[in-house]
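The values are calculated or read from the model by the stated rules, or taken from the named source; none is laboratory data. Since we're looking at a predicted model, the values are computed, not measured. Glycine also receives a Cβ, built like all others from the backbone with ideal geometry; neighbour counts cover every protein chain displayed.
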Amino acid sequence: MSQLSSRHLLGIKDLSAEDIQLILDTAENFKEVINRPIKKVPSLRDITIANVFFENSTRTRLSFELAEKRLSADVINFSSSNSSVKKGETLVDTVNNILSMKVDMVVMRHSSPGAPHFLARNVKANIVNAGDGTHEHPTQALLDAYSIREKLGSLEGKKVAIIGDILHSRVALSNIFCLQKMGAEVMVCGPITLIPKYIESLGVKVELDVKKALQWCDVANVLRIQLERQQIKYFPSLREYSLYYGINKKLLQQLDKEIVIMHPGPINRGVELSSDVADSNHAIILEQVQNGVAVRMAVLYLLAGAKN
């Protein structure tokens, strides 16, 4: 198989295991490209891509932009904060205006779950979901899967604990779908107020004790506490959260094995991870960032091949 089964990347839920495997294998080739002295290939020389971000983003937007430029695509960046959206223009009108400038592909981040799916039904371009509300963040899950595979050799049979704010995290949901499709076991861990009620129906284990979760897993993917998405208080204070769920060097030294630490960023240092863990040999956080460019190059390249 050398082509994706869909012309969009809206969520991991829509991908097959073969699709994921193809993306990860293609990313491996592109990782070699970005480590060469000349980091560009002409693969998307005739393609124009619009990065349409209705929500703030640093890593994801820069990673997509760099991936697009490494593939020699023409790139336009759109930010809703200084656009006609402020004047009441609809999402479809905004994107159709961009597409009328002969744009082939749209990478979109939006605060509303399902916004990329809505767009895919209403505009004639490949849509890549760069995060939709608390729903999915497919390229983050793909780069996380790639990073685990690179570090441990495969995903099959690996135990991955996702720790932290599961309730508000689009990364958690995409990771669960992706890891399970690739044969990994998944556990979620956090305060009970931050674990969604439905989560066990997805076939994941639930653990409220962070020490037990760390002892169980091969990989701990630690999520940020998303205070900006929390309308009510889910735990007494950040200090108390850090006391019960923060991961520090002392906690890792109590385990009878070495585990891999991941984080999608940005890190709240001293809350979910201490600096001596974030900067340690356990962590592959900067590798995740580098792998993000290769994975996004793979996604854009494969979708460009599935244009029609």
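Values as computed for the structure displayed
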{"item": "Residue list for the stretch 68-93, filter: over 25 Å from M297 (Cα atoms), surrounded by 13 or more Cβ atoms within 10 Å (Cβ to Cβ) and either β-branched (V, I, T) or at pLDDT 90 or above (or both)", "result": "V85, V92"}
{"item": "Test: residue in the stretch 75-83 that is in a loop (DSSP other than H, G, I, E, B) and either more than 17 Å from the chain's Cα centre (by Cα) or free of Cβ contacts under 8 Å to residues at least 60 places away in the same chain (or both)", "result": "yes"}
{"item": "Filter result (modelled with pLDDT of 95 or more, more than 15 Å from V75 (Cβ to Cβ) and of a type outside the set (A, V, I, L, M, F, W, C)) within the stretch 291-308", "result": "N291, G292"}
{"item": "Neighbours by Cβ (under 6 Å, 6+ apart or cross-chain): first from the stretch 108-126, surrounded by fewer than 21 Cβ atoms within 10 Å (Cβ to Cβ) and modelled with pLDDT of 90 or more; second polar (S, T, N, Q) and in a strand (DSSP E or B)", "result": "none"}
{"item": "Odd one out for T134, checked against (1) part of a strand (DSSP E or B); (2) within 15 Å of the chain's Cα centre (by Cα); (3) not basic (K, R)", "result": "(1)"}
{"item": "In the stretch 268-286, the residues that are touching a residue at least 24 places away in the same chain (Cβ under 8 Å) and either closer than 18 Å to V210 by Cα or not in a loop (DSSP other than H, G, I, E, B) (or both)", "result": "N268, G270, V271, E272, L273, S274, D276, V277, H282, I285"}
{"item": "All positions within the stretch 236-267 that are part of a loop (DSSP other than H, G, I, E, B), crowded, with 20+ Cβ neighbours inside 10 Å and touching a residue at least 60 places away in the same chain (Cβ under 8 Å)", "result": "P264"}
{"item": "Residue ID - surrounded by the fewest Cβ atoms within 10 Å (Cβ to Cβ), chosen from residues in the stretch 184-203 that are touching a residue at least 40 places away in the same chain (Cβ under 8 Å) and assigned to a loop (DSSP other than H, G, I, E, B)", "result": "P191"}
{"item": "Failed criterion for F53 (all others in (1) closer than 26 Å to E287 by Cα; (2) at pLDDT below 95; (3) exposed (fewer than 14 other Cβ atoms within 10 Å of the Cβ) hold)", "result": "(3)"}
{"item": "Matching option when the condition is modelled with pLDDT of 95 or more and not small (G, A, S), among K205, K197", "result": "K205"}
{"item": "Given (1) in contact with an Asp or Glu (Cβ under 7 Å, 6 or more places away or on another chain); (2) surrounded by 14 or more Cβ atoms within 10 Å (Cβ to Cβ), index of the condition S5 fails", "result": "(2)"}
{"item": "Counted residues, the stretch 159-183 - those being part of a helix (DSSP H, G or I) and farther than 17 Å from G133 by Cβ", "result": "4"}
{"item": "Set S57, S16, S2: member being among the hydroxyl-bearing types (S, T, Y) and farther than 23 Å from F118 by Cα", "result": "S2"}
{"item": "Boolean, N129 is buried (at least 18 other Cβ atoms within 10 Å of the Cβ), touching an Asp or Glu at 6+ places or on another chain (Cβ under 7 Å) and not in a helix (DSSP H, G or I)", "result": "yes"}
{"item": "From S147, S154, residue being closer than 23 Å to V289 by Cα, touching a helix residue (DSSP H, G or I) at 6+ places or on another chain (Cβ under 6 Å) and of a type in the set (S, T, N, Q)", "result": "S147"}
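Matching residues to (1) in the same structural domain as K102 (by TED's automatic domain parsing); (2) not hydrophobic (A, V, I, L, M, F, W, C):
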position	(1), (2)
N129	yes, yes
G164	no, yes
A172	no, no
F177	no, no
E185	no, yes
D218	no, yes
